[in-house]
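Note sheet for the following structure.
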């Protein structure tokens, strides 16, 4: 098909004619940015659905459960507990800058949208395209990281009962493929207008699961607690104390980075300019309030640190040591595995919206095909399956290396933070007065937030590419730097093909300022 087929669909209302009387304020904000509303605003605020959707994606305590063994190997209890606390502060500052941008320019396009608007004309298309495709890949990798651990957790239960079983990584990959298939079922079985019920159920199950785990571990381990684990440095990774601390902090960001997902359902929730910043800030708060108690209880329940370090699933070994029962440990880990599965549908919801929004501006090859809302399901079905295809291919990385899971997790955090931070760096460079009126304004703290986010991205990016343990072998090498270079080489090739086709949002500043004030 020719390039003319990829020209953006015309907006049915002239943006110059926007007013409070002609459109609902939420749709007026969207159309002032050059896009027409196509998705139903099904995440209704009175039911806290945007927050519960965020909870079903981020699920901080579950996220830390997936990566628990890595920071534990860096330095034992102190790096696990205090690492996740410090990570919360660092990631919260990064997300504050994102929240302000979302308040000013709410759109499912999110970060590439902000970048296009803020960058000087000469560079805006390339900068926005790079951020946009980075964001698409970031959420695909994030989805892969969550789903592959679901497979690892399920497989780990079998290994726990049959320790002599000689498992292979390709077997875990097949389990991963099965989980991908199972997580797709709710996406199509539940009507789009009922997605808020789906995410509320997931969030409720997560909080219920956390309470059950805390009660089970505390009650079973009564009289056998070891609070000294919280302050005793017991690293096995080979890293010295200082770098071990820094590496544990970056790993702790995995609990909170996905909170930015709410940005991409801006077109499916009312008053996004007001609600998104509130949801992001509440998300970090709830993340800390769930992750820290879980970590504290788990650490105090450890009886044999060496056994936890060597375990296929460290969290399951802790459950076993705390309860003294293989059946009890299996029940707790199985329930966690089920909770990991319930998070999968929200990953597909988010990643498909991002890819769809990017194709709306001709960001993907064959954008005319991907820029499609299925009339039967009222969701972007094609970009949902595009996301699935990427995840199936990216999951093959797990077969290549024993540390590939850590690589997948690290890259998901890094790519997300690149997309969160680049528009903030541009904003700090061109001047914060470039933003329109907004309900969430960082004011005099804005430059400090934007500059910190930029510096932290560079610093943490270096850490993400370091190996998880020393000495380095071919099997334990961190392939993150190779993945990073490969991804941006691919992005450069895609840009060569897209540079004359990619378009950004067309902004009516007067209408946008007026519409933002009406929210």
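The values are calculated or read from the model by the stated rules, or taken from the named source; none is laboratory data. Here the structure is a predicted model, which means the values were calculated and not measured. Because the Cβ atoms are built from the backbone with ideal geometry, glycine has one as well, and the counts that use them run over all protein chains shown.
Output the number of residues of the stretch 203-232 satisfying the condition of being surrounded by fewer than 18 Cβ atoms within 10 Å (Cβ to Cβ) and touching a strand residue (DSSP E or B) at 6+ places or on another chain (Cβ under 8 Å).
Final tally of qualifying residues: 1.
From the list 421, 384, which one is over 28 Å from residue 120 (Cβ atoms), assigned to a helix (DSSP H, G or I) and touching a helix residue (DSSP H, G or I) at 6+ places or on another chain (Cβ under 8 Å)?
Numbers: 421 fails: over 28 Å from residue 120 (Cβ atoms).
Within the list 421, 384, the selection yields 384.
Kindly indicate whether residue 356 is within 19 Å of the chain's Cα centre (by Cα), over 23 Å from residue 200 (Cβ atoms) and assigned to a helix (DSSP H, G or I). Reasoning before the result, please.
On the way: within 19 Å of the chain's Cα centre (by Cα): yes; over 23 Å from residue 200 (Cβ atoms): yes; assigned to a helix (DSSP H, G or I): yes.
Judged against the criteria, residue 356 is a match.
Surrounded by 19 or more Cβ atoms within 10 Å (Cβ to Cβ), on the phi < 0 side of the Ramachandran plot and modelled with pLDDT of 95 or more: is that true of residue 412 in this structure? Can you show your working first?
Numbers: surrounded by 19 or more Cβ atoms within 10 Å (Cβ to Cβ): yes; on the phi < 0 side of the Ramachandran plot: yes; modelled with pLDDT of 95 or more: no.
Considered against the rule, which asks whether it is surrounded by 19 or more Cβ atoms within 10 Å (Cβ to Cβ), on the phi < 0 side of the Ramachandran plot and modelled with pLDDT of 95 or more, residue 412 comes out as no.
Restricting to the stretch 108-131, what's the tally of residues that are over 20 Å from residue 385 (Cβ atoms) and buried (at least 24 other Cβ atoms within 10 Å of the Cβ)?
Residues in the stretch 108-131 being over 20 Å from residue 385 (Cβ atoms) and buried (at least 24 other Cβ atoms within 10 Å of the Cβ): 13 in total.
Looking only at the stretch 68-104, how many residues end up being touching a strand residue (DSSP E or B) at 6+ places or on another chain (Cβ under 7 Å) and either buried (at least 24 other Cβ atoms within 10 Å of the Cβ) or under 18 Å from residue 289 (Cβ atoms) (or both)? Steps first, please.
Here is the first cut: in the stretch 68-104, the ones touching a strand residue (DSSP E or B) at 6+ places or on another chain (Cβ under 7 Å) are 75-76, 78.
Applying the additional criterion that residues be either buried (at least 24 other Cβ atoms within 10 Å of the Cβ) or under 18 Å from residue 289 (Cβ atoms) (or both) yields 75-76.
The number of residues fulfilling the criteria is 2.
I need every pair where a residue in the stretch 207-223 that is modelled with pLDDT under 90 has its Cβ under 7 Å from the Cβ of a residue that is in a helix (DSSP H, G or I) and surrounded by fewer than 19 Cβ atoms within 10 Å (Cβ to Cβ), sequence separation at least 6 or different chains.
Cβ pairs passing all conditions: 220/328.
For the condition within 26 Å of residue 94 (Cα to Cα) and either assigned to a loop (DSSP other than H, G, I, E, B) or modelled with pLDDT of 75 or more (or both), what is the one hit in 463, 490?
Exactly one residue qualifies, and that residue is 463.
Is there a residue being under 16 Å from residue 253 (Cα atoms) and at pLDDT 95 or above anywhere in the stretch 420-438? Walk me through it before giving the result.
Residues of the stretch 420-438 that are under 16 Å from residue 253 (Cα atoms), as a first pass: 420-421.
Those still in the list that are at pLDDT 95 or above too: 420-421.
Yes: one or more hits.
Looking at (1) more than 29 Å from residue 135 (Cβ to Cβ); (2) part of a helix (DSSP H, G or I), which one does residue 340 not meet, given that it meets all the others?
All conditions are met except number (1).
Identify all residues within the stretch 147-179 that are in a helix (DSSP H, G or I), out of contact with any helix residue (DSSP H, G or I) (no Cβ under 6 Å at 6 or more places or on another chain) and either over 21 Å from residue 329 (Cα atoms) or free of Cβ contacts under 8 Å to residues at least 12 places away in the same chain (or both); write none if there are none.
Correct list: 158, 171, 174, 177, 178.
Given the structure, is residue 241 touching a strand residue (DSSP E or B) at 6+ places or on another chain (Cβ under 8 Å) and in contact (Cβ under 8 Å) with a residue 24 or more places away in the chain?
Yes; evaluated as a whole, the condition is true for this residue.
Quick test of your reading of the structure: residue 377 fulfils all but one of (1) assigned to a helix (DSSP H, G or I); (2) more than 19 Å from the chain's Cα centre (by Cα); (3) within 18 Å of residue 181 (Cβ to Cβ). Name the failing condition by number.
Among (1) assigned to a helix (DSSP H, G or I); (2) more than 19 Å from the chain's Cα centre (by Cα); (3) within 18 Å of residue 181 (Cβ to Cβ), residue 377 violates only (1).
Just one of 403, 342, 323 is out of contact with any helix residue (DSSP H, G or I) (no Cβ under 7 Å at 6 or more places or on another chain) and buried (at least 18 other Cβ atoms within 10 Å of the Cβ); which is it?
403
Looking at the stretch 233-253, which of the residues that are over 24 Å from residue 408 (Cα atoms) and touching a helix residue (DSSP H, G or I) at 6+ places or on another chain (Cβ under 6 Å) is surrounded by the most Cβ atoms within 10 Å (Cβ to Cβ)?
This residue is 234.
Looking at this structure, is residue 327 assigned to a helix (DSSP H, G or I), under 30 Å from residue 76 (Cα atoms) and without any contact (Cβ under 8 Å) to a residue 60 or more places away in the chain?
It is true that residue 327 is assigned to a helix (DSSP H, G or I), under 30 Å from residue 76 (Cα atoms) and without any contact (Cβ under 8 Å) to a residue 60 or more places away in the chain.
Residues that are surrounded by fewer than 24 Cβ atoms within 10 Å (Cβ to Cβ) and not in a helix (DSSP H, G or I): does the stretch 270-282 have at least one?
yes
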